Structure formats: C-alpha cells, structure tokens
Amino acid sequence: MKTAVYPGSFDPITYGHLDIIKRAASMFDKVIVAVMCNSAKTPLFTLDERVKMIKESVTGIDNVVVESFSGLLIDYCKKEDIHIVIRGLRAITDFEYELQIAQTNKELSHNEVDTVFLTTNIKYSYLSSSVVREVASYKGDISPCVSDFVAKAMYKKFEKDENQGDV
C-alpha cells in the first residue's frame with residue numbers, strides 16, 4: 001500500500017490545498033494530511049481548529065486521513081513508515097524553496113523520503129493562506145478561495161479580534 005503525506009500549516013485550508021489533496025488521493029492508496037505545529041508561524045487558528053476544518057473539507061475522500069504533528073517531518077515519516085511527501089507548487093518561486101526542503105529531507109532521511117511535486121490548478125495559482133487571511137481581515141470576499149464553513153470561521157475569528165479591541 002503506497003502512503004503519502006501532505007504536510008502543511010493549512011491556516012486555513014484553501015481550494016488550492018484541496019485540489020492537491022484530491023489529486024494526490026487519486027495517485028496513492030492513502031494520503032495523510034499532516035497539520036504541522038510550526039513554531040516559526042503565529043497561526044490564526046489553533047491546531048485543533050485546523051484539523052477539524054480539514055477533516056470537514058475532505059469528507060467523502062475515503063483514502064484521506066488528517067493528523068497533526070510537531071517536530072521534523074522526516075521523524076514523522078519514519079514513525080509512520082512513510083516514504084513519499086506531497087508538495088504543491090504554485091509558481092517558480094515556490095520551486096526554489098520546496099526543492100531545498102525536499103533535498104534536505106532526502107539527505108536527513110538517508111534517502112528514505114522522496115518528494116513528489118504537484119503543480120496547482122491554474123485557477124488556484126494565486127492562492128495562499130496568507131493572502132486569504134489578509135483579505136478576510138478586511139472583510140473581503142474569500143468565497144472563491146475557501147469553502148463556506150472556513151470563510152465563516154475566518155470572519156468570526158476576525159470579528160472576535162475586533163471586539164476585543166473595544167474593551
């Protein structure tokens with residue numbers, strides 16, 4: 001059984017992420033969406049909130065499971081006996097960074113972990129979680145970027161932050 005892991009912070013999960021997940025699910029027997037606890041980032045949503053949103057987003061894709069992890073991806077891969085990492089590429093600028101990470105993971109795993117790059121669907125090539133967060137923070141329309149329940153959660157989160165400033 002071929003298992004692949006699709007790691008990321010997914011803060012929030014976008015239609016671009018879902019495109020990669022669906023395509024990976026058609027290529028592998030099992031895809032684990034591994035939500036990272038990234039100490040270098042300050043997420044909008046908690047780890048549990050992100051896992052819950054992703055689980056709701058992938059309902060109906062039977063060979064996709066959602067988990068969370070912290071630490072090095074290669075340690076997670078070793079623990080779970082995974083040898084394939086999925087990464088999405090939007091533009092050439094993504095490739096440089098992702099190639100460096102892929103080569104580092106390959107070296108640190110003693111050639112046990114390979115990375116498969118999937119180019120995003122052209123209609124999602126502009127999408128990033130940070131852009132979606134920015135637009136939502138100004139109450140802009142994010143419906144082309146994320147599902148309705150993710151959009152509602154984002155607007156609610158930003159509304160809560162706004163109201164806390166009124167004390």
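No value in this document is a laboratory result; all are computed from the given coordinates. If you're wondering where the values come from, they're calculated on a predicted model, not measured in any experiment. FYI the Cβ positions are ideal-geometry reconstructions off the backbone, even for glycines, and counts take in every protein chain you see.
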Check your understanding: When N is the residue count of the stretch 50-97, what does its C-alpha Rg come to as a fraction of 2.2 N^0.38 Å?
Key -> 1.41
Review point. Each residue of the stretch 57-68 in turn: what ³J(HN,Hα) in whole Hz from Karplus with 6.51, -1.76, 1.60 and θ = phi - 60°, glycine and Pro shown as x?
Key: 5, 9, 3, x, 9, 4, 9, 10, 10, 10, 9, 10
Check your understanding: Separation between the Ser125 and Glu107 pseudo-spin-labels, each 7 Å from Cα along Cα→Cβ, expressed in nm?
Key -> 3.1 nm
Practice item. State to the nearest 20 debye the size of the charge dipole of the chain about its Cα centre, where the only charges are +1 on K and R beta carbons and -1 on D and E beta carbons. Key: 240 debye
Check your understanding: Out of Tyr126, Ile82, Pro144, whose Cα points farthest toward the positive end of the dipole of the chain (charges: +1 Lys, Arg; -1 Asp, Glu; placed on Cβ)?
Key -> Pro144
Check your understanding: Mean residue ellipticity at 222 nm from the helices of the chain, using -39,500 (n - 2.57) per DSSP H segment of n ≥ 4 over the full residue count, to the nearest 500 deg cm²/dmol?
Key -> -14000 deg cm²/dmol
Exercise for review: Could you work out the equivalent-ellipsoid semi-axes for the stretch 92-153, taking the square root of 5 times each eigenvalue of the Cα gyration tensor, largest first, in whole Å?
Suggested key: 32, 12, 11
Check your understanding: Stretch Met27-Lys79 to full length: gain in nm at 0.36 nm per residue minus the Cα-Cα span?
Key -> 16.5 nm
**Study point:** Set of aspartates and glutamates near Lys160 by C-alpha distance (under 19 Å), chain-local residues within fewer than 8 positions excluded
**Key:** Asp11, Asp48, Glu49, Glu134, Asp141, Asp148
Exercise for review: Using amide H atoms built 1.01 Å from N in the peptide plane, name the residues 5+ places from Ile86, or on other chains, whose amide H lies under 5 Å from its own.
Suggested key: Val5, Tyr6, Val116
Practice item. Based on a Kirkwood Rh over C-alpha pairs, give the Stokes-Einstein translational diffusion coefficient of the stretch 21-78 at 37 °C and viscosity 0.692 mPa s in µm²/s. Key: 265 µm²/s
Exercise for review: With N denoting the number of residues in the chain, provide Rg(C-alpha) divided by 2.2 N^0.38 Å, to two decimal places.
Suggested key: 1.06
Point to revise | Computed over the chain: relative contact order in percent, which uses C-alpha pairs under 8 Å that are six or more apart | key: 27 percent
**Study point:** Net length gained if the chain between Ala91 and Lys52 were fully extended (0.36 nm per residue, minus Cα distance)
**Key:** 11.2 nm
